[in-house]
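*Asks:* Just dropping this structure here.
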Amino acid sequence: MKDDTRLFYDLTAEETAEKWYKNDILMPTIKDFMSLLPEKPHVLDFGCGPGHESMRLASVGAEVAGIDFSPVCIRVARQRCPQCRFEIMNFYAMNKNNLGIFDAIFASGSLIHAKNDKIGTVIKNAAELLKNNGFFLMIVQKGQGINEKWSDFDIKGKKLRRPVYCYTKDFLINISMDAKLQFTKEGYLDKILINQDWRNYIFKKESPK
């Protein structure tokens, strides 16, 4: 299947930054998530794009590292949000040696780009970066299969395919068990996002028995 996801984000990084650095619709979601975490937590913004939510996480007391596979997004993030650390990295290359360990992972709209047969590996890789009792927030599109409405775009004269994979709560709960992640709760989301079929699921990494 054609997949232009990286090119899509390279081409739209500046536009996304202009829109989302001004849009604080996720701030209540971030504050709800931060209420679960220790003071000044070390948070990984997983698929950070141009850094808009990294900026908000930092503004409420988090020490933030952001990763994204779009080099243009990372360049924009470093320019706009110098208080955070940003690295060009895909979901399959991350490990403790190159990123460190975190109190929490914030994955807003990034797991939707993990294919159905790969998302278990992605979640497991990410969970290995969490401290015991750390939290993992997953904002995803509700459903199954690919959301075709949000997958095809005409950007700057280029017809791009950016598949958006949908996931049910039960699927994520089951697949996260292998990563020793326990479902904790559905986190807060604005009604506008709920009506667009976004869902916020929060997991906690189990301590070894």
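*Asks:* Can you tell me which residue within the range 115-126, out of those that are modelled with pLDDT under 90 and charged (D, E, K, R), is most open to solvent (accessible area, probe 1.4 Å)?
*Replies:* 117
*Asks:* Another question about this same structure. Over 22 Å from residue 24 (Cα atoms) and among the small types (Gly, Ala, Ser): is that true of residue 120 in this structure? If you could, list the steps in order and put the result at the bottom.
*Replies:* Working: over 22 Å from residue 24 (Cα atoms): yes; among the small types (Gly, Ala, Ser): yes.
In short, yes.
*Asks:* State which residue pairs qualify: first residue on the phi > 0 side of the Ramachandran plot and touching a residue at least 40 places away in the same chain (Cβ under 8 Å) and inside the range 43-56, second residue open to solvent by less than 10 Å² (accessible area, probe 1.4 Å) and outside any helix (DSSP H, G or I) in any location, beta carbons under 6 Å apart, and separation of 6 or more residues or different chains.
*Replies:* 47/110
*Asks:* Of a type in the set (D, E, K, R) and touching a strand residue (DSSP E or B) at 6+ places or on another chain (Cβ under 7 Å): which single residue out of 22, 31, 2 fits that description?
*Replies:* 2
Let's see how each residue does on (1) of a type in the set (S, T, N, Q); (2) within 23 Å of residue 124 (Cβ to Cβ):
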| site | (1), (2) |
| --- | --- |
| 27 | no, no |
| 31 | no, no |
| 39 | no, no |
| 74 | no, no |
| 77 | no, no |
| 87 | no, yes |
| 95 | yes, yes |
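*Asks:* Would you be able to say whether some residue in the range 120-127 is under 24 Å from residue 59 (Cβ atoms) and either among the hydroxyl-bearing types (Ser, Thr, Tyr) or part of a helix (DSSP H, G or I) (or both)? Full working, then the answer.
*Replies:* Pass one, the range 120-127, residues under 24 Å from residue 59 (Cβ atoms): 126.
So of that shortlist, the ones also either among the hydroxyl-bearing types (Ser, Thr, Tyr) or part of a helix (DSSP H, G or I) (or both) come out as 126.
Yes, the range 120-127 has at least one match.
*Asks:* For the structure I just gave you, tell me whether residue 39 is more than 13 Å from residue 13 (Cβ to Cβ), under 17 Å from the mean Cα position of the chain (by Cα) and either modelled with pLDDT under 95 or not aliphatic (A, V, I, L, M) (or both).
*Replies:* In short, no.
*Asks:* May I ask you to list the residues in the range 134-171 that are without any contact (Cβ under 8 Å) to a residue 40 or more places away in the chain, under 30 Å from residue 41 (Cα atoms) and not acidic (Asp, Glu)?
*Replies:* 168, 169, 171
The values are calculated or read from the model by the stated rules, or taken from the named source; none is laboratory data. What you are looking at is a predicted structure, and each value in this text was computed from that prediction instead of being measured. We place every Cβ from the backbone using ideal geometry, glycine too, and count neighbours over all the protein chains shown. Just the protein is used for accessible areas: all its heavy atoms, side chains included, with ligands, DNA and RNA removed. Shrake-Rupley method; radii C 1.70, N 1.55, O 1.52, S 1.80 Å.
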